[in-house]
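Peer 1: Would you mind keeping the following structure in view while I ask a few things?
The values are calculated or read from the model by the stated rules, or taken from the named source; none is laboratory data. These numbers were taken from a predicted model, which means no experiment stands behind them. Every residue, glycine among them, receives a Cβ derived from its backbone with ideal geometry; neighbour counts consider all protein chains shown. Keep in mind that these areas ignore ligands, DNA and RNA; they rest on the heavy atoms of the full protein, side chains included. Shrake-Rupley method; radii C 1.70, N 1.55, O 1.52, S 1.80 Å.
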Amino acid sequence: NKLIALTFDDGPNHNTIKVLNILEKYNIKATFFILGTNIKKHEKIINRMNKLGMEIGNHMYSHAITTKLSTKKIKEELDKTDKLIYDITKKYPTLIRPSYGIYNKKFQKITDRPIILWNIDTLDWKYHNSKNIANKVFEGLNKNNKNNIILMHDIYNATANSLEIIIPTLLENDYQFVTVSELLYLTNLSNYQY
Ligand code: ZN
């Protein structure tokens, strides 16, 4: 089976509701790498995310570049975000995506949790155009049609709209949408670092 994991970074914000509505409509699970600073004001959204079976990962607290932080500060950022997520979901996130996907050996030593990057970048933050975002996904899949991790941002309207193109098209083409943890499990990988 062709597997695909949609991942959404930097949320949640109000627009995340629209993303969740579409994922729920198609009964699809995705992974959200959320920012610590966005948690308190969006507890309801995170609660719904969790109840819908979405996977929630740690994207740091302040979206700082991890290579510029001390070990102590990195730990603080991860811990704070873990705790805020736990307070709502009663689960600690098992996956980490460092902000911008930037990290080094120091960061790796701090955690034994999988560090998850991506292999298809939709550049949705740049183009804000749903057709363009969908095309980035389809182009990426043409190059490598198995086991893909897609980078998107749930905080943009165009990204939410692109899902109405991406999801039905890929379902017709026999893709199976999974969370990142499911992808790791099904492909027997401990880490997904492209
Ligand atoms: Zn980010």
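Peer 1: Using a Förster distance of 25 Å, how high is the FRET efficiency between residue 94 and residue 24, based on the Cβ-Cβ distance and rounded to 0.05?
Peer 2: 0.65
Peer 1: So, how do all the Cα-to-Cα distances of region 71-124 break down into 10 Å bins, in percent, from 0 on up?
Peer 2: For region 71-124, the pair-distance distribution reads 20, 51, 27, 2.
Peer 1: Quick one: length gained pulling residue 128 to residue 44 fully straight, 0.36 nm per residue minus the C-alpha distance?
Peer 2: That pair, residue 128 and residue 44, stretches by 27.7 nm at full extension.
Peer 1: Would you mind calculating the relative contact order of region 1-146 from Cα pairs under 8 angstrom and at least 6 residues apart, reporting the percent as a whole number?
Peer 2: Relative contact order, region 1-146: 20 percent.
Peer 1: Oh, and also: Taking all protein chains as present, what is the carbon and sulfur share of the accessible area of the chain, in % to the nearest whole number, probe 1.4 Å?
Peer 2: It is 48 percent, rounded to a whole number.
Peer 1: Please quote Rg/Rh for region 48-103 to two decimal places, taking the Kirkwood radius as Rh and restricting both calculations to Cα atoms.
Peer 2: Rounded to two decimals, Rg/Rh equals 1.00.
Peer 1: How about region 13-64: which chymotrypsin sites (Phe, Trp or Tyr not before Pro) there are in a DSSP loop, with at most 16 other Cβ atoms within 10 Å of their Cβ?
Peer 2: Answer in residue order: 26.
Peer 1: What is the pair-distance distribution P(r) of region 1-103, computed from all Cα-Cα distances in 5 Å bins starting at 0, with each bin given as a whole percent?
Peer 2: 2, 13, 25, 24, 17, 11, 5, 2, 0
Peer 1: If you count only protein heavy atoms with a 1.4 Å probe, what accessible area per residue comes out for region 54-194, rounded to a whole Å²?
Peer 2: Solvent-accessible surface per residue comes out at 50 Å².
Peer 1: At a temperature of 25 °C and a viscosity of 0.890 mPa s, determine how fast the chain diffuses translationally according to Stokes-Einstein, using the Kirkwood radius over alpha-carbon pairs as Rh; express D in µm²/s, rounded to the nearest whole number.
Peer 2: D, rounded to a whole number, is 148 µm²/s.
Peer 1: Highest first, please rank the peptides 100-108, 153-161 by the mean number of other Cβ atoms sitting within 10 Å of their residues.
Peer 2: Those peptides, ordered most packed to least, come out 153-161, 100-108.
Peer 1: Just from the alpha-carbon atoms, what are the Rg and Dmax of region 121-194 in angstroms?
Peer 2: 12.6, 35
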